[in-house]
Structure formats: C-alpha cells, structure tokens
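Notes follow the structure.
The values are calculated or read from the model by the stated rules, or taken from the named source; none is laboratory data. Nothing here was measured: the structure is a model prediction, and the numbers come from that model. Please note: Cβ atoms are built from the backbone with ideal geometry, for glycine as well, and neighbour counts cover all protein chains shown.
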Amino acid sequence: MEKHNNNNMLPDLSGLQPLSRRSFLRATALTGMVVTTGLVSGCSTLLGKKAAPEKLHYASLKPDEVSTFSKLVDVYLPTDKFGLPSSTSQVPTLKNIDYMVARMSTQTRDLLGLGLWVLEYRPMASFKFSRFSKMDTAKASEYVRVLQQGNFVERGLLTSIMSVVGVNYWRDPQTWDGLNYWGPVSTNWGVVPLGNAPLPTV
C-alpha cells in the first residue's frame, strides 16, 4: 500500500503560530467559557426559523459575529450530508447562540468577541488575505482543520467556539432522533425530582 506523507496535505502553518502573551492569556480564558455559561443557559424558541441567518435580527451578536458564526455552522454542521435537520432553516442555531450570548457575563462576552475576531481575521496571515466568513466552504474547512492541528491556544480557541455552535444545535429536540436520544430519563421514566438532596456522609 502506498504511504502518503500527511505533512504534504496541510497548508503552511507558519502564519498561525505567533501569539503574544496577552493573546495567550485571553484565549486560554476563553477555553473555559462553555463550561461556565453554555450548558446552563435556556433555549431560544422558534423565532425566525425560515429566514436566512444574516437577515434575522440579533439582540446580542454583532453583524461580523453573525457572519463568522454562520460560516462555522456551514463547516461544522454539514447536516445535509447526514439527513439531519438543517442548522439554519429548521434549527435556529444562530438565534440560540444569540440567546446564550445575552446571558453571558460582561467578561465572558468580551472574551467571546475576542475569540471570534481572531477566528475571523487570522486567516489573512496565511490564507491569501481572506477573512474566514468570506471563504468558500472548502477553504473554510481547510482553515478549521489547520487550527485543529495547531498549538494549544489555537486548538482551545477553536474548540470553545465550536462548542458554542454544537450546544446550540443539538439542544434542539428536532435533532435528538439523529442521536437516538429521547429526552431526559427523569421525564421518560417518571423519576420524581428530589430537589437539593443532601450528599451521603463519609
């Protein structure tokens, strides 16, 4: 069997590596964003399911952030390939993200904005001066793969932002059939909530 050199399959990473100490600290802090805020916020409902994401009104996301998230949704959630509900026309992924962002603390919101700015403009250093949201899907996918194999900060930054996208798609009950998930077992099995039950003693 012919062996392929995986190094030849990746674009030049040199433009992605340099980071200042301040950028490192901020991006590292962003990595914990989803843990502290994403999983506890409520769901957005049915607003604007039929309109294109860039045409909807967002209370918290800025226009550039909507563009960045929209491109990442295209790359990260190719739902048509797998017969899953559309991440734009059926599941209001960006509206769910907008609702989550509205519930973030000021510091977390600022870190998210910084992370989105880095994701959007960093390709200009090594991907022919193109913003992430302006790339076609194939080129954007290539850029995301490069970040996934980059240094610790690049991987952490991308993982945090992709987690925001993933949580706000899969939280919608329309997607659960694709996971063979039928909702919380406490509901399906009739488990009675115990409230703040005391922990077992040692």
List pairs: first in the stretch 174-193 and free of Cβ contacts under 8 Å to residues at least 24 places away in the same chain and under 22 Å from THR88 (Cα atoms), second surrounded by 10 or more Cβ atoms within 10 Å (Cβ to Cβ) and of a type in the set (Ser, Thr, Tyr), Cβ under 9 Å, 6+ apart or cross-chain? TYR181/THR175
Condition first: of a type outside the set (Gly, Ala, Ser), under 25 Å from ARG171 (Cα atoms) and buried (at least 21 other Cβ atoms within 10 Å of the Cβ). Can you find one or more residues in the stretch 127-143 that meet it? no
Somewhere in the stretch 91-113, is a residue among the β-branched types (Val, Ile, Thr), surrounded by 20 or more Cβ atoms within 10 Å (Cβ to Cβ) and farther than 19 Å from TYR169 by Cβ? no
Close pairs (7 angstrom Cβ cut-off, 6 or more residues apart or separate chains): part of a helix (DSSP H, G or I) in the stretch 90-102, surrounded by 24 or more Cβ atoms within 10 Å (Cβ to Cβ) and of a type in the set (S, T, N, Q) anywhere: THR93/SER87; THR93/ASN168; ASN96/ASN168; ILE97/ASN168; MET100/ASN168
Within the stretch 57-81, residues outside any loop (DSSP other than H, G, I, E, B) and more than 16 Å from VAL167 (Cβ to Cβ) come out as PRO63, ASP64, GLU65, VAL66, SER67, THR68, SER70, LYS71, ASP74, VAL75, ASP80, LYS81
Residue under question is THR68, and the condition is that it be surrounded by 13 or more Cβ atoms within 10 Å (Cβ to Cβ), of a type in the set (Ser, Thr, Tyr) and at pLDDT below 95; does it hold? no
